[in-house]
Amino acid sequence: MKQVETYILQHYDEKLTLNRISTALSINSHHLHRTFKLVTGSTPLQFLHQVRIEKAKELLTTSSLSATHISFNVGYSSLSHFSKVFKDKEHISPSSFRNHSNRNSSKQ
């Protein structure tokens, strides 16, 4: 499953699907999904979203890129989908996260 994680980390900014990952690694997609979840506790696509959101958080705090540019840079095809996933995972919108991060860093 390390191979799967490595592949996702190297290609998170591309259009990834379970089939694309399984084909690239020559693993049956059902087996990949089942085994990855058993070993890691999350599905490959949940892991992908986690990686994308962590990368987006880095960009939100270290760059002046717009949320739209960040969403595309981390592999989402629309700002609305990125915003929904970000809010589901972080319980805050990307712009609120950036504003909160900027306030905290200016206090230091």
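The values are calculated or read from the model by the stated rules, or taken from the named source; none is laboratory data. Since the structure is predicted, the reported quantities are computational estimates derived from the model, not experimental observations. Methodologically, a virtual Cβ is constructed for each residue, glycine included, from the backbone with ideal geometry; neighbour enumeration extends over all protein chains shown.
I'd like the full set of residues that are outside any loop (DSSP other than H, G, I, E, B) and surrounded by 18 or more Cβ atoms within 10 Å (Cβ to Cβ), limited to the stretch 8-32.
Ile8, Ile21, Ser22, Leu32
Can you pull out the residues in the stretch 96-108 that are surrounded by fewer than 16 Cβ atoms within 10 Å (Cβ to Cβ) and modelled with pLDDT of 95 or more?
Ser96
Given the conditions (1) under 13 Å from Tyr12 (Cβ atoms); (2) in contact with a Lys or Arg (Cβ under 9 Å, 6 or more places away or on another chain); (3) of a type in the set (Asp, Glu), report the number of the one that Glu90 does not fulfil.
(1)
Exactly one of these conditions fails for Phe47: (1) surrounded by 14 or more Cβ atoms within 10 Å (Cβ to Cβ); (2) more than 15 Å from Glu5 (Cα to Cα). Give me its number.
Unmet condition: (2).
How do the pairs read when you match residues in the stretch 53-80 that are farther than 17 Å from Ile8 by Cβ with residues anywhere that are among the β-branched types (Val, Ile, Thr), using Cβ under 6 Å and keeping only pairs 6 or more apart or on different chains?
Sorted first by the residue in the stretch 53-80, then by its partner, the pairs are Leu59/Ile70; Leu79/Thr68.
Can you confirm whether the stretch 9-28 contains a residue that is charged (D, E, K, R), over 25 Å from Ser78 (Cα atoms) and out of contact with any strand residue (DSSP E or B) (no Cβ under 8 Å at 6 or more places or on another chain)?
Scanning the stretch 9-28 turns up no residue that is charged (D, E, K, R), over 25 Å from Ser78 (Cα atoms) and out of contact with any strand residue (DSSP E or B) (no Cβ under 8 Å at 6 or more places or on another chain).
Filter the stretch 33-51 down to residues that are assigned to a helix (DSSP H, G or I) and either among the β-branched types (Val, Ile, Thr) or touching an Asp or Glu at 6+ places or on another chain (Cβ under 6 Å) (or both) and give me whichever is nearest to Ser71 (Cα to Cα).
Val51
Which is in contact with a His (Cβ under 8 Å, 6 or more places away or on another chain) and among the hydrophobic types (A, V, I, L, M, F, W, C), of Leu38, Leu18, Leu65, Leu60?
Leu18
Of all residues being part of a helix (DSSP H, G or I) and among the β-branched types (Val, Ile, Thr) in the stretch 62-88, which is nearest to Thr17 (Cα to Cα)? Just the residue, please.
It comes out as Val85.
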